[in-house]
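Report on the following structure.
The values are calculated or read from the model by the stated rules, or taken from the named source; none is laboratory data. On a predicted model such as this, the values are computed, not experimentally measured, just so you know. We place every Cβ from the backbone using ideal geometry, glycine too, and count neighbours over all the protein chains shown. These accessible areas exclude ligands, DNA and RNA; they are computed on the full protein's heavy atoms, side chains included. Shrake-Rupley method; radii C 1.70, N 1.55, O 1.52, S 1.80 Å.
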Amino acid sequence: MLRYMLPVTHRPDRDGVLSQHRHVPFFLALEIAAQAWARALATTCEGLLAPADLAVVDVASTYRRELFTGDVLFEVALSKFGSSSLTFALELTQHDHPAASLTATLVKVDADRLHSMPFTPEQRAALDRLLLV
């Protein structure tokens, strides 16, 4: 399992105004979670597999408490992976309190992003380091 402390901040709205609310909407938490699993890929696969090689097919999240702007600890692991798909399991903690659990299932796709493709033996070996046992 890899751990990343990431800052969660609002971006300006479409009109350019920055939200003053500390509450983090679910979609922002999911976006930062995607940054965490992308870092995990970069760390373990070292160029063998990139986020652009994958398509998200399922995301599920359970929130135990509200998230606020500021630092959030993301713990990232793989709960499973098959011939062409993988499922990231993420635990989010803020101020030493468990805040959320997320899973994201992704599929490796071809260059046209139309068909799934199997992981290479090298990719499988790298991903195996992230697998929860």
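Worth a mention:
- Looking across segment 90-108 at every residue that is among the hydrophobic types (A, V, I, L, M, F, W, C), under 21 Å from Ala52 (Cβ atoms) and touching a helix residue (DSSP H, G or I) at 6+ places or on another chain (Cβ under 7 Å), the one that is surrounded by the most Cβ atoms within 10 Å (Cβ to Cβ) is identified as Leu90.
- Where a residue in segment 17-28 is touching a residue at least 40 places away in the same chain (Cβ under 8 Å) and its partner, wherever it lies, is not in a strand (DSSP E or B), with Cβ under 6 Å and at least six apart: Arg22/Thr69; Val24/Leu67
- Contact map, segment 119-133: first residue on the phi > 0 side of the Ramachandran plot, second residue surrounded by fewer than 19 Cβ atoms within 10 Å (Cβ to Cβ), Cβ cut-off under 6 Å, separation 6 or more or different chains; the map is empty.
- Looking across segment 45-74, the residues that are open to solvent by 70 Å² or more (accessible area, probe 1.4 Å) and closer than 30 Å to Pro121 by Cα come down to Glu46, Gly47, Leu48, Ala52, Val56, Val57, Asp58, Val59.
- Any hit, segment 109-120, residues being closer than 15 Å to Leu54 by Cβ, open to solvent by less than 40 Å² (accessible area, probe 1.4 Å) and either part of a helix (DSSP H, G or I) or of a type in the set (Phe, Trp, Tyr) (or both): yes
- Residue within segment 27-44 that is open to solvent by less than 30 Å² (accessible area, probe 1.4 Å), in a helix (DSSP H, G or I) and of a type outside the set (A, V, I, L, M, F, W, C) present: yes
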